[in-house]
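Beneath this line is the structure, given in structure tokens, with notes to follow.
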Amino acid sequence: MKLIKIMPLFILIILALCSCHSKEFTNIISQLNNEIVITELPLDSSSGLEYPARPNELLGMRSYFYTIEDINSNKKITCLRSYKNRYYAVYHIKNDNSRNLFYFILFDAKCQVVDTMAVSKLPDKQTFLETVRKNASWKDVKKCDPDAELLPDNYQVSFHRFEDGTMASVYYQDTVDSADGKIVEDVIVYEDPMHFLDYLLPKDLAVITE
């Protein structure tokens, strides 16, 4: 009897939670597709993506101002995935440097943006750390990670993810002794706090690692 009484209450709670979502949200989620191969997605420009791909530590609280509906309004989500109880969107884009990248946007359980990543292939960690050391040039960094971007807004830092779930923050200083005007000041390696790669479908992870 207790179970019979509890079940209707449980259903009401679920319905109440679902009703908090907009019709747009429902439409977006209905487009979920784990089958399409991301390499077959049509190539698009990065126009409409509000901010460049940057890890959670820089998005910070700002990320929670962006919902899945906001992202879809700015640039229609054409590939929405679900894995390990998380949603993520994938865009196949050509960035400002004419590189073809996969732009991933990871959402939390409330479908708010928690992390972003733009990448074609993840760099090899051993080669990267052997090359990118203090006083290395920006050119050295780009050789190891061609997708690397210095963040805008005068941030003197770039971020790099590795297949083992760690990341590197590379800090720079301006110099007249380097052709590109920047040299590495420090490299800090740490575990990805958002475990981004853990939430990618194995076949999507394979595209950016193999």
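Read-outs: derived from the displayed coordinates by stated rules, not from any lab. Keep in mind that this is a model prediction, so the values were computed, not measured. Please note: Cβ atoms are built from the backbone with ideal geometry, for glycine as well, and neighbour counts cover all protein chains shown.
Counted by neighbouring Cβ atoms within 10 Å, the residues HIS92, HIS195 run from fewest to most as HIS195, HIS92. Can you work out the PRE-style zone for PHE25? Point 7 Å along Cα to Cβ, and I want the residues of the stretch 87-112 with backbone N under 20 Å. Label zone hits: 87-90, 105-112. A simple spin-label model places pseudo-atoms 7 Å from Cα toward Cβ; at GLU69 and SER47 they are separated by 2.6 nm.
Shown is the FRET efficiency for THR39 and ASN85, computed with R0 = 30 Å from the Cβ-Cβ distance and rounded to the nearest 0.05: 0.75.
Residues in the stretch 167-174 carry Karplus couplings, in order, of 9, 10, 9, 10, 9, 10, 9, 6 Hz; the curve used is 6.51 cos²θ - 1.76 cosθ + 1.60 with θ = phi - 60°, and Gly or Pro positions show x. What you get for the stretch 125-191, charging only the Cβ of Lys and Arg (+1) and of Asp and Glu (-1), is a dipole of about 180 debye around the Cα centre. For the stretch 104-165, with equal point scatterers placed on the C-alpha atoms only and solvent neglected, what are the log10 I(q)/I(0) values from the Debye formula at q = 0.13, 0.17, 0.18, 0.19 1/Å, to two decimals? Results for the stretch 104-165 at q = 0.13, 0.17, 0.18, 0.19 Å⁻¹ read -0.42, -0.68, -0.74, -0.80.
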